[in-house]
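Working notes for the structure below.
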Amino acid sequence: MLHYNFLLITFASILLKSIMETKKRKLITLDEFTIQETRKFPNATGELSSLLRDIALACKIINKQVNKAGLVDILGKHGATNVQGEEQMKLDIFANETLINVLQNSAECAGIASEENDEFVSFDDAYSVNSKYVVLFDPLDGSSNIDVNASIGTIFSIYRRLSPLGSPCTEADFLQAGNKLMAAGYVIYGSSTMLVYATKIGVNGFTLETSIGEFCLSHPDMKCSENGKIYSLNQGNTNKYEQGVKDFLNYCMEENKEEGRPYSHRYIGSMVADLHRTLIKGGIFIYPADKKNTAGKLRLQYECNPMALIVEAAGGVADFGAGRILDIEPVELHQRTPIYIGSKKMVEKALSFAQ
Ligand code: P6P
């Protein structure tokens, strides 16, 4: 009997200990995480963490509107068109204005460039003009999917400004190559709302916990698998693609059990959603040049560079067909580029057909 009691007490104490440990394991918010990361760099001042917090705040405000888009009169066309010649949805405008307002009030941002604005915006108030970072963003990427309730997203890039503190931003601040990025990330407004951001040392994902209004660490140290089985591009454009892309498409659709083919084709038409899946599941996303879009469709500074930093920091590859996306020297704020991005072996295979 004594032995039985001893076993019972031992089991109960182990159970209690594990319950206490579980209770101790707290959610790590984005702010807590970035502050912990800052402490790894003795010279870090916390300004980048503060800027990430401001971007996260703007995206929480945007998320609120995206989530109820069907209920308020914010759906549908705004009637205007943006510099890309694309019809602007009302949510595009709201997202753009929200990011500009929040960043202007941030103590860490000297100016912005937006996919929705023809020119960059320099914040010349006393605080902002002495800030050391500039932010570029696509406020609501994939907005053509808003009306059909498919995932859309905000994409952002953070550069250290080149112009002297105390003076207004110059265009050069916004025309830096992607290999100069300090950080980049996206927020995907999907079945859950997630913020994923990268610095050169890694990629981490945070899911919005709506009960406390905080992005909480849910995907630490994200990695893009070396290979994959999903290819993602707009197959409706096949007749406009160069022969190398057509040959890769045929390769993907060819039966080959040893190499796990045919692959699966997935295409949402929202870069953030297609890239998030590629990061989580592996695969390749391609938006190549074609007869209509001879330089490709996607924007270098607002879509391709930030996504390239994220995927490369996760171990993947991001190429424009003849070199790294991140090494392109931008010459124009809204310039476009072809993009082959995702699992290293799949990008290499796709590019081997382009030769
Ligand atoms: P297409 C959305 O308009 C976007 O800029 C990206 O999010 C997306 O990957 C691409 O364009 C979709 O383009 O020509 O396939 O509709």
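Points worth noting:
- First in segment 78-97 and at pLDDT 90 or above, second anywhere and among the β-branched types (Val, Ile, Thr), Cβ under 6 Å, 6 or more apart: 95/62
- Checked against (1) of a type in the set (Val, Ile, Thr); (2) buried (at least 22 other Cβ atoms within 10 Å of the Cβ); (3) more than 23 Å from residue 176 (Cα to Cα), residue 325 passes all but a single condition, namely (3).
- Count of residues meeting criterion [away from the ligand (no atom under 12 Å from the Cβ) and not charged (D, E, K, R)] in segment 242-279: 16
- Against the conditions (1) at pLDDT 85 or above; (2) aliphatic (A, V, I, L, M); (3) open to solvent by 30 Å² or more (accessible area, probe 1.4 Å), residue 66 satisfies every one except (3).
- Of the listed requirements (1) away from the ligand (no atom under 16 Å from the Cβ); (2) more than 17 Å from residue 346 (Cβ to Cβ); (3) open to solvent by 60 Å² or more (accessible area, probe 1.4 Å); (4) out of contact with any Cys (no Cβ under 8 Å at 6 or more places or on another chain), residue 236 misses just one: (1).
- Scanning segment 150-194 for residues that are part of a strand (DSSP E or B), touching a Gly at 6+ places or on another chain (Cβ under 9 Å) and open to solvent by 40 Å² or more (accessible area, probe 1.4 Å) yields a count of 0.
- Pair list, Cβ < 8 Å and 6+ apart or interchain, from segment 265-292 residues that are closer than 19 Å to residue 348 by Cβ to residues that are polar (S, T, N, Q) and open to solvent by 40 Å² or more (accessible area, probe 1.4 Å): 281/225; 282/225; 282/227; 287/234
- Applying the set (1) out of contact with any Pro (no Cβ under 9 Å at 6 or more places or on another chain); (2) assigned to a helix (DSSP H, G or I) to residue 268 leaves exactly one unmet item: (2).
- Selection of first residues in segment 240-261 that are under 16 Å from residue 321 (Cα atoms) and of second residues that are open to solvent by 50 Å² or more (accessible area, probe 1.4 Å), restricted to Cβ pairs under 6 Å at least 6 apart or on distinct chains, gives the following pairs, ordered by first then second residue: 244/353; 244/354; 247/353; 248/353.
The values are calculated or read from the model by the stated rules, or taken from the named source; none is laboratory data. Everything quoted here is computed from the prediction, not taken from an experiment. Cβ sites come from the backbone with ideal geometry, for glycine too, and all protein chains shown count toward neighbours. When the accessible area is computed, the model is the full protein with side chains, heavy atoms only, and any ligands, DNA or RNA have been set aside. Shrake-Rupley method; radii C 1.70, N 1.55, O 1.52, S 1.80 Å.
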